[in-house]
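K.L.:
Got a structure here, written out as structure tokens. Questions coming.
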Amino acid sequence: MPDGTGVARTLRTARELVGAGLIAAGREAAIGKVAEKYAVAIPPALAALIGDAEDPIGRQFVPDEAELTTVAGESADPIADEALSPIKGIVHRYPDRVLLKPILACPVYCRFCFRREQVGPDGGVLGTHDLAHLYAWLKARPAIREVILTGGDPLLLSPRRLGAIVSELSQIPHIETLRVHTRVPIATPERITKALTSALSAGLPMWVVTHANHAREITEAARAAVGRMLASGIPVLGQSVLLAGVNDSEEALEALFRAMIVARIKPYYLHQLDRAPGTARFHVPIARGRALLAGLRGRIPGHALPTYIVERPGGQGKVPIALPPPWAAARSPRMKQQANQIRAGQVIEHEGRRWSVLKQQIITPGKGGAFIQVEMRDLKSGNKTNERWRTADTVERLLTDEKEFTYSYSDGANLVLMDNDTFEQTMVPVALLGDAAAFLQDNMHVTVDLVEGEPVAVHLPQTAVLEVVEADPVVRGQTAASSYKPARLSNGVKTMVPPFVETGEKIVVRTEDATYVERAKA
């Protein structure tokens, strides 16, 4: 604590945070508004670790006014729990396992929680009737082989209530294993008692997954709590979230994962932040996360390196984020080449700016040597220019990488694209597409050329299907061999179509120049 003293009970209000020295008195009213919307709880074990509200521990748990600002891409249910909940207390995302949420209270409320709209001190405890309905639902679905107790935090339940749930689940023939996701060993380690570990270990094989984001959270008391679970035969895994200002450095992650394995916690998952409302200040770009994990490869033991994962949009589940191969850093992103090797589509650096080559031709004048004339576009301003080089001149070419994206929407100046590997959104200037932008369609797959991670060109599929919204009527006697007639497409682009094409038909056109290809197949 900032004043050097401990707290005897969990901090839950803005006034208590002021009294503990965690926020200034002048912020009490503003933080009170945050606490009205999102639950606050900082138990003594964690409060004792906080130096100030912006240190790696305080940042996770002390509320901030920024939580009341929602930015684009954030969602009240970012992993679609509600859409995948067939009955109260169950989330069924994968065929062979379900989440069971017996309680919606937590010992500590993380300021980045993806269930922050659902959890709170009122508890949301499932009653006897709800549980009976839930057990009957599970018994009728033999494909389910694992039940994961989550919430909230299931280890806030009494040993008696928790043991009853474990016992009931253990009697369902097709369920093979149980899992508990919890903050309790870190936040309130004193709750890990003999009675609790006995309740957990009294039925099917049990795995506990605890959550810590910084090495300082793994205290002596936390290690002792983990030890009590291990002594009861319960393996313990660790999961973390990559958070700006908390663990977004190689040093912080290395210390965290080493602290975990010393405590006999196997680092399991490093989560990309789920974009819940008001969590933008914690966001770390996936490219940064990949670089951090790649930097730890070979620096810490293999069993200390977790899988970096992201939740796919719409509740499609987790996917691992691939780390760059070790040899990727060895590839130079640029090379010298002679001017006579310049080709359309290349990216070159000239006079401190990056240019996309549009056209090039060799000019041989009557007198003097040949030269290369290049039409190119400034990638930053979009302006075009022409430049000349002697054929033997040297230019700096920037090597490009291709990456697949899915088009989401445009804000006028930028395209918002979703990375097909990481599912992270990125913005690309519309100017990179030029006139071809008219052919963008929702969820269209596009290819982006990148130079050192910066987009330099966007390529659409070769063809697109569009409706003809205006065309001259068919004239008797005209054939496909007759001259084409003008038509306007549903994207506003004008083209020429065969005489037999009528208004309302769908046709295939080239995205490069809007030329007609064929009638679209039904």
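K.L.:
Considering only residues of the range 12-35 that are among the charged types (D, E, K, R) and either in contact with a helix residue (DSSP H, G or I) (Cβ under 9 Å, 6 or more places away or on another chain) or part of a loop (DSSP other than H, G, I, E, B) (or both), which is nearest to Thr69 (Cα to Cα)? First the steps, then the outcome.
P.N.:
Of the residues in the range 12-35, the ones among the charged types (D, E, K, R) are 12, 15-16, 27-28, 33.
Next, only the ones that are either in contact with a helix residue (DSSP H, G or I) (Cβ under 9 Å, 6 or more places away or on another chain) or part of a loop (DSSP other than H, G, I, E, B) (or both) stay: 12, 15, 27-28, 33.
Working: Arg12: 21, Arg15: 22, Arg27: 16, Glu28: 18, Lys33: 12 Å.
For the range 12-35, the residue satisfying everything is Lys33.
K.L.:
Now a separate question. Considering only the range 70-78, I want to know if a residue exists there that is small (Gly, Ala, Ser) and modelled with pLDDT of 95 or more. Even if it seems obvious, please write down each step before you answer.
P.N.:
At the first step, the residues of the range 70-78 found to be small (Gly, Ala, Ser) are 72-73, 75-76.
Cutting the leftovers down to modelled with pLDDT of 95 or more gives us none.
The answer is no; no qualifying residue exists.
K.L.:
If we scan the range 52-68, do we find a residue that is loosely packed, with under 15 Cβ neighbours inside 10 Å and modelled with pLDDT under 95?
P.N.:
yes
K.L.:
While we're here: Would you be able to tell me the number of residues in the range 36-48 that are without any contact (Cβ under 8 Å) to a residue 60 or more places away in the chain, in a helix (DSSP H, G or I) and out of contact with any strand residue (DSSP E or B) (no Cβ under 9 Å at 6 or more places or on another chain)?
P.N.:
Count: 2.
K.L.:
In the range 266-293, what residues are surrounded by fewer than 19 Cβ atoms within 10 Å (Cβ to Cβ), more than 14 Å from the chain's Cα centre (by Cα) and in a helix (DSSP H, G or I)?
P.N.:
Selection gives Arg281, Ala291.
K.L.:
Shifting gears a bit: Applying the selection to the range 437-448, what residues are in contact (Cβ under 8 Å) with a residue 40 or more places away in the chain and surrounded by fewer than 19 Cβ atoms within 10 Å (Cβ to Cβ)?
P.N.:
Ala438, His445, Thr447 - these are the residues of the range 437-448 that are in contact (Cβ under 8 Å) with a residue 40 or more places away in the chain and surrounded by fewer than 19 Cβ atoms within 10 Å (Cβ to Cβ).
K.L.:
I'm checking my understanding of the structure. Among residues of the range 430-478 that are at pLDDT 85 or above and of a type in the set (S, T, N, Q), which one is farthest from Phe500 (Cα to Cα)?
P.N.:
Thr447
K.L.:
Being within 18 Å of the chain's Cα centre (by Cα), among the hydrophobic types (A, V, I, L, M, F, W, C) and either modelled with pLDDT of 95 or more or outside any loop (DSSP other than H, G, I, E, B) (or both), is that true of even one residue in the range 311-320? So that I can check it myself, show each step before the final result.
P.N.:
Quick first cut of the range 311-320, residues within 18 Å of the chain's Cα centre (by Cα) only: 311-320.
Now restrict to residues that are among the hydrophobic types (A, V, I, L, M, F, W, C): 319.
Right, trim to either modelled with pLDDT of 95 or more or outside any loop (DSSP other than H, G, I, E, B) (or both) and you get 319.
Scanning the range 311-320 turns up at least one residue that is within 18 Å of the chain's Cα centre (by Cα), among the hydrophobic types (A, V, I, L, M, F, W, C) and either modelled with pLDDT of 95 or more or outside any loop (DSSP other than H, G, I, E, B) (or both).
K.L.:
Free of Cβ contacts under 8 Å to residues at least 40 places away in the same chain, in contact with a Pro (Cβ under 7 Å, 6 or more places away or on another chain) and not hydrophobic (A, V, I, L, M, F, W, C): which single residue out of Pro235, Pro267 fits that description?
P.N.:
Working: Pro235 fails: in contact with a Pro (Cβ under 7 Å, 6 or more places away or on another chain).
Just one listed residue meets the conditions, Pro267.
K.L.:
Still on this structure, I have one more. Does the range 234-261 hold any residues that are surrounded by fewer than 22 Cβ atoms within 10 Å (Cβ to Cβ), hydrophobic (A, V, I, L, M, F, W, C) and assigned to a loop (DSSP other than H, G, I, E, B), and which are they?
P.N.:
Passing the criteria: Ile234, Ala244.
K.L.:
Let me ask something else about it. If Tyr38 satisfies every condition in (1) surrounded by fewer than 17 Cβ atoms within 10 Å (Cβ to Cβ); (2) of a type outside the set (A, V, I, L, M); (3) outside the structural domain of Asp248 (by TED's automatic domain parsing) but one, which is the exception?
P.N.:
Of the numbered conditions (1) surrounded by fewer than 17 Cβ atoms within 10 Å (Cβ to Cβ); (2) of a type outside the set (A, V, I, L, M); (3) outside the structural domain of Asp248 (by TED's automatic domain parsing), the odd one out for Tyr38 is (1).
K.L.:
Here's a follow-up. May I ask you to list the residues in the range 191-232 that are touching a Pro at 6+ places or on another chain (Cβ under 8 Å) and in a helix (DSSP H, G or I)?
P.N.:
Arg191, Ala195, Leu196, Ser198, Ala199, Arg216, Ala221, Ala222, Ala224, Ala225, Val226, Met229
The values are calculated or read from the model by the stated rules, or taken from the named source; none is laboratory data. Predicted model only: the values in this text are computed from it and were never measured. Heads up, the Cβs are rebuilt from the backbone with ideal geometry, glycines too, and the neighbour counts pull from every protein chain shown.
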